[in-house]
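Student: After the structure tokens below, expect a handful of questions from me.
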Amino acid sequence: MNWAVTTYDSAFGYVSAHGAPLVDLLDPQPGERIIDLGCGAGAFSAEIAERGAEVLGIDGNPDMVAQATATYPGLSFVIGDAHDFTVGESFDAVASNAALHWMTRDPDAVIGRVHAALRPGGRFVGELGGAGNCAELIVAMQTAWRVFGLGEPELPWYFPSPAEYATKLEEAGFTLRLLEHADRPTRMTEGPNGAADWVRAYASRALADVPPELVDPLLDRVNDLAAPALRRESGWVADYVRLRFAAVRKPDGAAPLPGAMPFGPTPSGPLI
């Protein structure tokens, strides 16, 4: 699977999307004001700040924000829900690394809030799971749940197709400059027990309604089902498919909402 549209202009320089760090695609400039949306523990925010930009990290998980603040005390982090955050001034760019696919309540609202936060011509750069992401893992989960007589597992992600996400960006007032959809098999490092540990780490919501005595045998079955496709001699591999994009807010877009509180309100609930 490899679907790509690549066009470039002065907003992004000449950066190859495939395989390049997301921060290079963002190309932060000294003095720019940039939001890291879904900042987690702050590592990507720190990369942006190293380029001389002023960074605001926003995340819906208070524990993540606390960890980011403790690890990077010189940077700014706030708790905020990506679906309804507001900012008091326009930013030069919004970036998001491996977070947008967790924002499932209303992806259009997230894109709308990003648009409102940017100045005209501001950049929106991100990478998220795309259509087909974790397909083998998901099929193994769904099959194992059926074998044990359980309902469909609740999956906490949004993995859009390139066409779907491109349409959302364009309809929200962005001009798409780059879009890439490509396989990226990735070594599992979350634990020694392969797919089972991956489910515990990233799909724990699906385990919430499973009787405790069934969890271990259920996850053993997930491993058995996923192993033919994902277990190698060197270890387990997750079948990741990534959607990477760069877009620009159109010059005739709406200005940030009047009277917005700086850096937004307390979120209504955690994102991740």
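The values are calculated or read from the model by the stated rules, or taken from the named source; none is laboratory data. Please read these numbers as outputs of a predicted model, since none were measured by experiment. Glycine also receives a Cβ, built like all others from the backbone with ideal geometry; neighbour counts cover every protein chain displayed. Side chains are part of the model used for accessible areas, which takes the heavy atoms of the whole protein and leaves out ligands, DNA and RNA. Shrake-Rupley method; radii C 1.70, N 1.55, O 1.52, S 1.80 Å.
Student: Please identify the pairs in which a residue from the range 168-180 that is closer than 16 Å to ALA117 by Cα has its Cβ atom under 8 Å from the Cβ atom of a residue that is open to solvent by 30 Å² or more (accessible area, probe 1.4 Å) and assigned to a strand (DSSP E or B), counting only partners at least 6 apart or on another chain.
Tutor: Short answer, once both residue conditions are applied: LEU169/LEU176.
Student: Being open to solvent by 10 Å² or more (accessible area, probe 1.4 Å) and closer than 26 Å to GLU32 by Cα is the requirement here; does ASP183 meet it?
Tutor: Against the criterion (open to solvent by 10 Å² or more (accessible area, probe 1.4 Å) and closer than 26 Å to GLU32 by Cα), ASP183 does not qualify.
Student: Of the residues PHE148, PHE77, which single one is aromatic (Phe, Trp, Tyr) and crowded, with 24+ Cβ neighbours inside 10 Å?
Tutor: After ruling out the rest, the residue left standing is PHE77.
Student: Just one of GLY88, GLY74 is part of a loop (DSSP other than H, G, I, E, B) and free of Cβ contacts under 8 Å to residues at least 60 places away in the same chain; which is it?
Tutor: Among GLY88, GLY74, only GLY74 is part of a loop (DSSP other than H, G, I, E, B) and free of Cβ contacts under 8 Å to residues at least 60 places away in the same chain.
Student: Name every residue in the range 175-221 that is part of a loop (DSSP other than H, G, I, E, B) and among the charged types (D, E, K, R), in order of residue number.
Tutor: In the first step, residues of the range 175-221 are kept if they are part of a loop (DSSP other than H, G, I, E, B); the result is 184-185, 188-193, 203, 208-211.
Residues satisfying the conditions are ARG184, GLU190, ASP209.
Student: Go through ALA116, ALA95 for me and flag whichever is under 18 Å from ARG249 (Cβ atoms), touching a residue at least 40 places away in the same chain (Cβ under 8 Å) and open to solvent by 10 Å² or more (accessible area, probe 1.4 Å).
Tutor: ALA116
Student: Can you find a residue in the range 3-16 that is assigned to a loop (DSSP other than H, G, I, E, B), at pLDDT below 95, on the phi > 0 side of the Ramachandran plot and open to solvent by 40 Å² or more (accessible area, probe 1.4 Å)?
Tutor: no
Student: Out of all the residues in the range 224-240, which are surrounded by fewer than 16 Cβ atoms within 10 Å (Cβ to Cβ) and aliphatic (A, V, I, L, M)?
Tutor: Those that are surrounded by fewer than 16 Cβ atoms within 10 Å (Cβ to Cβ) and aliphatic (A, V, I, L, M): ALA227, ALA229.
Student: Within the range 37-67, can you find the residues that are touching a residue at least 40 places away in the same chain (Cβ under 8 Å), over 15 Å from GLY126 (Cβ atoms) and not hydrophobic (A, V, I, L, M, F, W, C)?
Tutor: GLY60, ASN61, PRO62
Student: Quick one: in the range 119-133, which of the residues that are part of a loop (DSSP other than H, G, I, E, B) and in contact with a Pro (Cβ under 9 Å, 6 or more places away or on another chain) is surrounded by the most Cβ atoms within 10 Å (Cβ to Cβ)?
Tutor: This residue is GLY130.
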